[in-house]
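> Just dropping this structure here.
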Amino acid sequence: MALYSEMVMDHFLHPRNVGVIEDADGVGEVGNAVCGDIMKIYLKIRDNVVTDVKFETFGCGSAIASSSMATELIKGKPLDDVLKLTNQAVVQALDGLPAHKLHCSVLAEEAIQAAVKDYCDKNGLPYNGGR
Ligand SMILES: [Zn+2]
């Protein structure tokens, strides 16, 4: 029974970029009530580029795999690209998620947007994200 792709299982069992950045430039925390996932993303930003990213996710396997993949996708990217990251892109990179688990990937997108917004708010910069 292959409910989850190998890529999802790999990121769930070996999540990338887990942890905390103590002096993060932006922090975003979001949650969803459906499976009780809570996701926190820490960003280190230099010259509008994400130089480091870590996450803490308390949640289901899909949420952990989504945050892991999302951090891989935004690491080293300029903020403009980071804000364009959609949950569809995360799901694609994971080779798909079951339909009833798609909301877990939305969480990764929202947490990253919230972290960038936090960074912009702290630095008096215009925030061009959100949908
Ligand atoms: Zn979930």
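Just so it is clear, none of the values below were taken in a lab; they were calculated from the coordinates. Source: prediction; values computed, not measured.
> Enter the Cα centre distance for the pair region 33-87 and region 92-126, rounded to the nearest angstrom.
The two parts, judged by their Cα centres, are 6 Å apart.
> So what are the ³J(HN,Hα) numbers for region 69-74, from phi and the Karplus equation (6.51, -1.76, 1.60; θ = phi - 60°), rounded to whole Hz, Gly and Pro as x?
5, 4, 5, 5, 6, 9
> Another question, then. Of D23, D121, D47, which is the most mobile in a GNM of the chain whose springs link Cα atoms less than 10 angstrom apart?
Highest fluctuation among the options: D47.
> Using Cα-only point scatterers and the Debye equation, what is log10 of I(q)/I(0) for the chain at each q in 0.10, 0.15, 0.22, 0.23 Å⁻¹, rounded to two decimals?
Taking Cα atoms of the chain as identical point scatterers yields -0.27, -0.61, -1.28, -1.38.
> Between P15, P98, P78, find the one with the highest GNM mean-square fluctuation for the chain; connect C-alpha pairs within less than 10 Å.
P98
> Over its Cα atoms, what ratio of radius of gyration to 2.2 N^0.38 Å does region 59-107 give?
Against the compact-globule rule of thumb, the ratio is 1.08.
> Which whole-Hz ³J(HN,Hα) couplings does region 45-60 yield from phi under the Karplus relation 6.51 cos²θ - 1.76 cosθ + 1.60, θ = phi - 60°, glycine and proline marked x?
So the J values, rounded to whole Hz, are 10, 10, 6, 6, 10, 6, 8, 8, 8, 9, 9, 10, 10, 9, x, 6.
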